[in-house]
1. Write out, first by first residue and then by second, each pair whose Cβ atoms fall under 6 Å of each other, whose residues are 6+ apart or on separate chains, and whose first residue, in segment 144-155, is without any contact (Cβ under 8 Å) to a residue 40 or more places away in the chain while the second is open to solvent by less than 30 Å² (accessible area, probe 1.4 Å) and outside any helix (DSSP H, G or I).
2. Taking segment 144-160, which residues are modelled with pLDDT under 90 and closer than 30 Å to F108 by Cβ?
3. Would you confirm whether any residue within segment 209-219 is acidic (D, E), open to solvent by less than 50 Å² (accessible area, probe 1.4 Å) and within 25 Å of the chain's Cα centre (by Cα)?
4. Quick one: in segment 44-79, which of the residues that are within 27 Å of V29 (Cα to Cα) and of a type in the set (D, E, K, R) is farthest from the chain's Cα centre (by Cα)?
5. Mind checking which pairs have a first residue in segment 37-64 that is farther than 16 Å from V95 by Cβ and open to solvent by 60 Å² or more (accessible area, probe 1.4 Å) and a second that is basic (K, R) and not in a strand (DSSP E or B), Cβ under 7 Å, 6 or more apart or different chains?
6. Cβ-Cβ below 8 Å, separation at least six or inter-chain, first residue in segment 211-224 and in contact (Cβ under 8 Å) with a residue 24 or more places away in the chain, second open to solvent by 60 Å² or more (accessible area, probe 1.4 Å) and part of a strand (DSSP E or B): which pairs?
7. Output the number of residues of segment 65-89 satisfying the condition of being exposed (fewer than 14 other Cβ atoms within 10 Å of the Cβ) and not acidic (D, E).
Amino acid sequence: MRYRQSTLKALLALVAVGAAAQAIAQQSVTSNETFKAMIGKWEISNADRDRTCHLTFKADPSGTLFKLEVDKACPEQMPELKGVTGWTIGGLDLVKLMDGKGKSIFEFSEVESGIFEAQRPGEGIFFMQNAAAAAGAASISQDQMAGDWGVVRGSGKTVCTITLTNAAAGDDAFALKLKPGCEAFVTGFGPAAWYLDRGELVLKSKAGRFWRFEANDPTNWQRVPEGREPVNLVRQ
């Protein structure tokens, strides 16, 4: 009898230790800055952005994970999410979408401010961004972007004026022109085409290099990631 009682006490102690360890682990995750930034509604899309899905990340614990609400349209739009029951933050601040067996279905890493990327072997790249930001980005049209823009470096010096045109330049891109007087910073890059990609403005060079910009407002776009000095495109 005493043996059974001591065994029961030992088992209860182990359960208590396990629960305490889980609570400490969750507390460590919830104090993570990436975790805090994820709370709310986000949009996942494939690379072509012809399939999208909205998820709501919550801070409420659900076992060893945290609660995740999946929109009703997701199973049809994004069958890759089948079986996902919760989320957590893993090493290197990965945002992990997990199934009920503890298997990671998606692991998103932040590649630019507020934009996450995940790759699934054989299925390509998927993107995730805040739903409000995605909705705002989607509202910017090609026609709104066409016209003259100043390339501004550092403290405010305009080093070039470029014209974004509506003339097709292949691969869903459009031609751009440099006005006379551009500095080597721009001519050395050699921008030849532009297009909008998931709310970002992309300039493509003749050599296949890219400059990417995100909107501070509709008339001012900042290059990302930011280098030693900021570079902006400002509507003229």
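1. From segment 144-155, the pairs are A146/L164.
2. Within segment 144-160, the subset modelled with pLDDT under 90 is 144, 154-157.
Correct list: Q144 only.
3. At the first step, the residues of segment 209-219 found to be acidic (D, E) are 214, 217.
If we keep only those that are open to solvent by less than 50 Å² (accessible area, probe 1.4 Å) too, we end up with none.
Checking segment 209-219: not a single residue is acidic (D, E), open to solvent by less than 50 Å² (accessible area, probe 1.4 Å) and within 25 Å of the chain's Cα centre (by Cα).
4. Within segment 44-79, the match that is farthest from the chain's Cα centre (by Cα) is D60.
5. R49/R198
6. Listed pairs, sorted by first residue: R212/R223; P218/R235.
7. The qualifying residues number 6.
The rows are residues; the columns are (1) at pLDDT 95 or above; (2) open to solvent by less than 20 Å² (accessible area, probe 1.4 Å); (3) of a type in the set (A, V, I, L, M); (4) within 18 Å of the chain's Cα centre (by Cα).
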residue: R120; (1), (2), (3), (4): no, no, no, yes
residue: M128; (1), (2), (3), (4): no, yes, yes, yes
residue: Q142; (1), (2), (3), (4): no, no, no, no
residue: I162; (1), (2), (3), (4): yes, yes, yes, no
residue: T165; (1), (2), (3), (4): yes, no, no, no
residue: E183; (1), (2), (3), (4): yes, no, no, no
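The values are calculated or read from the model by the stated rules, or taken from the named source; none is laboratory data. None of the values given here were measured: they were computed from a predicted structure. All Cβ positions, even for glycine, are placed from backbone atoms using ideal geometry, and neighbour counts span all protein chains on display. To get the accessible areas, we keep the full protein, side chains included, count just its heavy atoms, and leave off ligands, DNA and RNA. Shrake-Rupley method; radii C 1.70, N 1.55, O 1.52, S 1.80 Å.
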